[in-house]
Amino acid sequence: MGCNLDKLTSFKDNCGFGLLAHLKNKQTHQNLEDAITSLERMMHRGAVGADGKSGDGSGLLLSIPDQFMRKVALENGVDLPKQYAIAMVFSKTTNQLDTFRNFCEKNDLKVILNRTVPVDTDALGAQALSILPNMTQVFVVPNTLVSSKRFDAMLYLARKESEHALKDEEDFYIPTFSSSVIAYKGLVMPTTIKQFYIDLQDEDFKISFSLFHQRFSTNTLPKWRLAQPFRGIAHNGEINSIEANRFNVEVKMQAIESEVFTQEELDRIFPLLQFGGSDSASLDNMFEFLILNGMDFFKAARCLVPAPWQNAPYG
C-alpha cells in the first residue's frame, strides 16, 4: 500500500489541473471552497520561487457567480439586467482600458460599470508583486436588439480587436470576457489565492463549476497573463509540434468561412493566435474560435487533441 501511495505522490515535474462541477448545476459557495482546496492540494505540481511566495502561476476558471456580481454591481449603483457579461482585464494604463471600452462600444456593447478588483498584495512574493497588473472588471450589456442576439460573438470581436490594437503592450491582457465564465488567476500560490483575491472570501460568491490549474513553466518565463486556466482549457504538458501548428493556422485562415461571423468581421478577428502566448494559450485560442463558430465541444477537442498513440494497435 505504501508503495502504491508513493507512486501517486511522486510525480512533481509538471503542471496540475482539475475540474469540479455540481451535477445539478447548482451554484454554492461550498463549490468554490472545494475548488480552492483542490487547487491547494496540487502545490507539488507547480514551481515555487526562492522567496517561497512567487510561483509560475495558478488560477480558477469559474462560472460567473451571479448573486455576488449582482450584489457588487448594486453597491456601485448598477442594477444588472438578465443579460450581461464581465471582462476581467489586466492593464497598466488608463489608455489601455479606454481602448478596450472603445472597442466594446464599436461592437454594439454598452459599458455599465468598471470595478477595481480588490486584492491583498501581502499574499504575493517580490517577483509577482514587481509585475503586478491593475485588475479591472468591466461589466457590459447589449446596446441593441441586434447585439443581444449575437452577444457572445460581439464579446469575442471586441476582445480580439482590443488585443490587436494593443498587441505591442505586454501589460494588457484579458483573461476572460464572457457571459458565462470568469477567471481569477495570476502569479499567486494556490495556498494564498483566496487571500489575494478578496472576492473569493465572500459567502455570496457562489459557483456551479471550476476548472483549476497550477503551472510548472518549461518553455516560457512566468507572467501574469500566462497563468492558467485560459478561457476554455487548462493544459498539462508541452505541444511538440507547436510551430507547425501555428504555421498551419496562419495558412488556413485565408480559407476560413463562418456562419457566425461575416467576412468583414473575420478580417477584424484575424490573426486567430495571440502573439506572445504559450503553446497552451495558442491551443486555447483555436479551441475558443471553433466553439464560438458552433462546433460541438467534443468535436472541437477531438480536432485539436490527437488520440493517444501509446498501446494503440498498429495497422
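Odds and ends about this structure:
- By the Kirkwood approach, averaging reciprocal distances over each pair of separate Cα atoms, region 228-278 gets a hydrodynamic radius of 12.9 Å.
- Normalised contact order of the chain, rounded percent, pairs of Cα under 8 Å and 6 or more residues apart: 28 percent
- Charges were assigned to the Cβ only: +1 to each Lys and Arg, -1 to each Asp and Glu. The resulting dipole of region 196-305 about its Cα centre is roughly 380 debye.
- Mean projected area in nm² (Cα convex hull; one quarter of hull surface) for region 95-233: 9.4 nm²
- Rounded to whole Hz, the Karplus (6.51, -1.76, 1.60) HN-Hα couplings of region 306-311, x for glycine and proline: x, 5, x, 9, 5, 6
- Per the Debye formula on identical point scatterers at the alpha carbon atoms of region 152-303, with no solvent, log10 I(q)/I(0) at q = 0.22 Å⁻¹ is -1.74.
- Across region 262-272, computed HN-Hα scalar couplings (Karplus, 6.51 cos²θ - 1.76 cosθ + 1.60, θ = phi - 60°) run 6, 4, 5, 5, 4, 4, 6, 6, 5, x, 5 Hz from first to last residue, x flagging Gly and Pro.
- Among 283, 60, 20, the residue with the largest mean-square fluctuation in a Gaussian network model of the chain, with springs joining Cα atoms closer than 10 Å, is 20.
- When a 1.4 Å probe is rolled over the protein heavy atoms, the share of accessible surface on region 173-315 that falls to carbon and sulfur comes to 57 percent.
- Residue with peak Gaussian network fluctuation, the chain [Cα springs, cutoff 10 Å], from 191, 144, 121: 144
- Each residue, residue 130 and residue 295, gets one label point 7 Å from its Cα in the Cβ direction; the gap between the two is 4.0 nm.
- Relative intensity of region 276-315 on a log10 scale, I(q)/I(0) at q = 0.22, 0.25, 0.26, 0.29 Å⁻¹, equals -0.73, -0.82, -0.85, -0.94, per a Debye sum over C-alpha point scatterers of equal strength in the absence of solvent.
- Entry note: region 131-177 has Rg to Rh equal to 1.04, where both radii use alpha-carbon atoms and Rh is the Kirkwood radius.
- Value at 222 nm in deg cm²/dmol, rounded to 500, when DSSP H runs of n ≥ 4 in the chain each add -39,500 (n - 2.57): -10000 deg cm²/dmol
- Choice from 73, 35, 244 showing the highest fluctuation, given a GNM over the chain with Cα pairs closer than 10 Å: 244
- Average accessible area per residue (Å²) across the chain - probe 1.4 Å, nucleic acids and ligands excluded: 50 Å²
- For residue 110, distant residues with modelled amide H under 5 Å away: 141, 143
- Overall dimensions of region 233-315 as given by Cα atoms, namely Rg and Dmax in Å: 14.2, 46
- Distant-in-sequence amide H partners of residue 117 (H built 1.01 Å from N, under 5 Å): 135, 136, 137
- Cα convex hull volume per residue for region 50-176 (Å³): 122 Å³
The values are calculated or read from the model by the stated rules, or taken from the named source; none is laboratory data. All values reported here derive from a predicted model rather than from experimental measurement. Counting neighbours? That spans all protein chains shown, and the Cβs are built from the backbone with ideal geometry, glycine included. All accessible areas refer to the heavy atoms of the entire protein, side chains included, with ligands and DNA or RNA removed. Shrake-Rupley method; radii C 1.70, N 1.55, O 1.52, S 1.80 Å.
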